[in-house]
Amino acid sequence: MAAGSLDFAEALRLVNGRGRYMQEAVPAGGGAMAVLVKLPEGKLEAVLAEAAQGEVVTPAGFNSPDQIVISGNRGAVERAMELAKARARNARWLCG
């Protein structure tokens, strides 16, 4: 919208659809998102691999070099947060 390729009404329609599709993708209570703060470089893949245990947990966004958003199955996100807390400055829930 800021670039002029969408008008406000179209942007709202897309944001609404995105939210609906995200909710439909996972049963209520089955998914979660969290942010990992100041996880040392090179530790993300190991934390996510150890936390997965047959479930899905993956990076969802790189807000900055010090702040990584993860998402996936609630149990895997919980495990990743616990593992990251031992290595990072902080880990906290975003939703779920």
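A few remarks follow.
- Single residue of segment 87-96 satisfying the filter (over 14 Å from the mean Cα position of the chain (by Cα) and open to solvent by 90 Å² or more (accessible area, probe 1.4 Å)) that is modelled with the highest pLDDT: 87
- Flag for residue 77 being under 13 Å from the mean Cα position of the chain (by Cα), buried (at least 19 other Cβ atoms within 10 Å of the Cβ), in a helix (DSSP H, G or I) and modelled with pLDDT of 90 or more: yes
- Evaluating residue 9 against the criteria (1) at pLDDT 90 or above; (2) touching a helix residue (DSSP H, G or I) at 6+ places or on another chain (Cβ under 8 Å) leaves one unmet condition, (2).
- Near pairs, Cβ below 7 angstrom, 6+ apart or cross-chain, from segment 62-82 (farther than 12 Å from residue 39 by Cα) to any residue that is open to solvent by 70 Å² or more (accessible area, probe 1.4 Å) and aliphatic (A, V, I, L, M): 72/56; 73/56; 76/56
- Complete set of residues in segment 1-40 that are aliphatic (A, V, I, L, M) and either over 18 Å from the mean Cα position of the chain (by Cα) or open to solvent by 70 Å² or more (accessible area, probe 1.4 Å) (or both): 1, 2, 3, 6, 9, 11, 12, 14, 15, 22, 25, 28
- Taken together, the residues in segment 41-74 that are surrounded by fewer than 11 Cβ atoms within 10 Å (Cβ to Cβ) and part of a loop (DSSP other than H, G, I, E, B) amount to 4.
The values are calculated or read from the model by the stated rules, or taken from the named source; none is laboratory data. Everything numeric in this text was worked out from a predicted model, so none of it was measured. Positions of Cβ are generated from backbone atoms using ideal geometry, with glycine treated the same way; all protein chains shown enter the neighbour counts. The protein model used for the area step is the full one, side chains on, heavy atoms only, and it has no ligands, DNA or RNA in it. Shrake-Rupley method; radii C 1.70, N 1.55, O 1.52, S 1.80 Å.
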